[in-house]
Amino acid sequence: MEITVDQMYQIENKGHDMGFLKKFMMENAGAAAVRRLLTKFDDVASKNILIFVGLGNNGGDGLVMARHLAGYGSNVTVMLLGDPEKIKTEESNWNWSILKKMPSVNLMSGNSLDFDFKPDIIIDGILGTGISGEIREPYASAINYINNTDCYKFAVDVPSGLDPQTGNTANIFTKCDMTVTFHKMKEGIPKRKDLTGELYAEKIGIPVEAEEGIV
Ligand SMILES: NC(=O)C1=CN([C@@H]2O[C@H](COP(=O)(O)OP(=O)(O)OC[C@H]3O[C@@H](n4cnc5c(N)ncnc54)[C@H](OP(=O)(O)O)[C@@H]3O)[C@@H](O)[C@H]2O)[C@@H](O)CC1
Ligand SMILES: [K+]
């Protein structure tokens with residue numbers, strides 16, 4: 001069963017209004033994504049993990065993953081592609097402020113892409129269902145960096161630059177080894193398995209009644 005991006009936003013909002021807050025959806029999304037990622041590595045402790053996060057909730061999911069992966073002993077670096085003041089949502093800001101209290105996670109922001117380590121894993125939390133139009137900086141340079149780096153690549157919800165509704169790609173887009181989308185598969189994502197890599201849809205606890213009248 002695949003749904004449209006518009007249905008996803010409606011379901012998310014209905015679940016939120018029922019009291020299952022977007023903050024809880026984000027937590028479950030990040031946790032489910034980490035669980036899938038861990039199936040590919042018998043030990044992520046001391047792995048260098050670089051997490052690119054955008055200013056929206058796709059980035060928010062990446063922030064949740066950072067906190068969980070630090071708990072497994074990974075060397076986690078978060079690269080926020082913008083100014084922390086410009087983080088768009090309360091739930092994403094909430095996770096950023098927790099990470100600011102965690103010296104176990106290396107927080108970076110702005111648009112410099114020179115890192116003093118070679119990543120073993122890159123997590124693409126740049127763009128998800130909120131993508132629109134050609135990819136603007138600094139997201140574009142981050143996508144190019146991901147594609148030019150030889151390591152394991154994991155996409156949060158959808159490879160950035162792939163439109164999860166239509167399956168069309170923007171001018172640039174990431175090519176990943178695994179993609180975990182949330183709640184239900186969106187119609188456009190399975191069209192580009194060459195970009196998603198292993199593809200999974202993970203439930204994130206949204207009340208099933210939140211779909212009534214929508215799906
Ligand atoms: N649905 C659910 O149940 C759940 C959804 N969840 C997660 O939320 C994600 C959707 O979050 P979202 O709506 O905040 O949009 P998102 O993809 O982060 O992008 C928005 C940001 O990107 C920017 N931007 C856009 N286009 C751009 C471009 N071409 N080039 C450059 N920048 C561009 C845009 O900037 P703006 O256009 O506002 O200036 C804005 O800053 C979804 O994918 C999933 O991961 C989970 O938390 C679990 C529950
Ligand atoms: K993404």
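The values are calculated or read from the model by the stated rules, or taken from the named source; none is laboratory data. Keep in mind the model is a prediction, meaning the values are calculated, not measured. Reconstructed Cβ throughout: ideal geometry from the backbone, glycine too, with neighbour counts over all protein chains shown.
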Q: Spot the failing condition for residue 160; the list is (1) of a type outside the set (D, E, K, R); (2) touching a helix residue (DSSP H, G or I) at 6+ places or on another chain (Cβ under 8 Å); (3) over 19 Å from residue 66 (Cα atoms); (4) within 14 Å of ligand 1 (Cβ to nearest atom), and only one is missed.
A: (3)
Q. Residues in the stretch 96-140 that are among the polar types (S, T, N, Q) and within 16 Å of ligand 2 (Cβ to nearest atom): how many?
A. 2
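Taking the residues in the stretch 178-188 that are more than 14 Å from the chain's Cα centre (by Cα) and under 25 Å from residue 23 (Cβ atoms) as candidates, determine which candidate is nearest to ligand 2 (Cβ to nearest atom). Outline the logic, then answer.
Kept after step one, since they are more than 14 Å from the chain's Cα centre (by Cα), are these residues of the stretch 178-188: 184-188.
Keeping just the survivors that are under 25 Å from residue 23 (Cβ atoms) gives 184-186.
Working: 184: 17, 185: 15, 186: 12 Å.
Looking at the filtered set, the residue picked out is 186.
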Q) Considering the stretch 139-160 alone, what residues qualify as being outside any helix (DSSP H, G or I) and surrounded by fewer than 20 Cβ atoms within 10 Å (Cβ to Cβ)? A) 149, 150, 151, 152
Q) Just one of 150, 157 is of a type in the set (Asp, Glu) and either at pLDDT below 95 or within 13 Å of the chain's Cα centre (by Cα) (or both); which is it? A) 157
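Filter the stretch 78-127 down to the residues that are of a type in the set (Ser, Thr, Tyr) and either modelled with pLDDT under 95 or more than 12 Å from ligand 1 (Cβ to nearest atom) (or both) and list them by number.
Of all residues in the stretch 78-127, those of a type in the set (Ser, Thr, Tyr) come to 89, 92, 97, 104, 109, 112.
Hits for the stretch 78-127 are 97, 104, 109, 112.
Test residue 97 against the criterion of being out of contact with any Ser or Thr (no Cβ under 8 Å at 6 or more places or on another chain), surrounded by fewer than 19 Cβ atoms within 10 Å (Cβ to Cβ), under 21 Å from residue 160 (Cα atoms) and among the polar types (S, T, N, Q), and give yes or no. Outline the logic, then answer.
Details: out of contact with any Ser or Thr (no Cβ under 8 Å at 6 or more places or on another chain): yes; surrounded by fewer than 19 Cβ atoms within 10 Å (Cβ to Cβ): yes; under 21 Å from residue 160 (Cα atoms): no; among the polar types (S, T, N, Q): yes.
Considered against the rule, which asks whether it is out of contact with any Ser or Thr (no Cβ under 8 Å at 6 or more places or on another chain), surrounded by fewer than 19 Cβ atoms within 10 Å (Cβ to Cβ), under 21 Å from residue 160 (Cα atoms) and among the polar types (S, T, N, Q), residue 97 comes out as no.
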**Q.** Residues that are crowded, with 24+ Cβ neighbours inside 10 Å and among the polar types (S, T, N, Q), drawn from the stretch 33-62
**A.** 57, 58
Q.
Among the numbered criteria (1) closer than 15 Å to residue 5 by Cβ; (2) of a type in the set (D, E, K, R); (3) free of Cβ contacts under 8 Å to residues at least 12 places away in the same chain, which one does residue 150 miss?
A. (1)
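Can you tell me which residue among 193, 175 is closer than 28 Å to residue 3 by Cα, basic (Lys, Arg), within 16 Å of ligand 2 (Cβ to nearest atom) and surrounded by fewer than 16 Cβ atoms within 10 Å (Cβ to Cβ)? Walk me through how you get there before you give the answer.
On the way: 175 fails: surrounded by fewer than 16 Cβ atoms within 10 Å (Cβ to Cβ).
That would be 193, the only listed residue that is closer than 28 Å to residue 3 by Cα, basic (Lys, Arg), within 16 Å of ligand 2 (Cβ to nearest atom) and surrounded by fewer than 16 Cβ atoms within 10 Å (Cβ to Cβ).
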Q.
Considering only residues that are at pLDDT 95 or above, more than 20 Å from residue 12 (Cβ to Cβ) and among the polar types (S, T, N, Q), which ones fall in the stretch 30-77?
A. 39, 48, 74, 75, 77
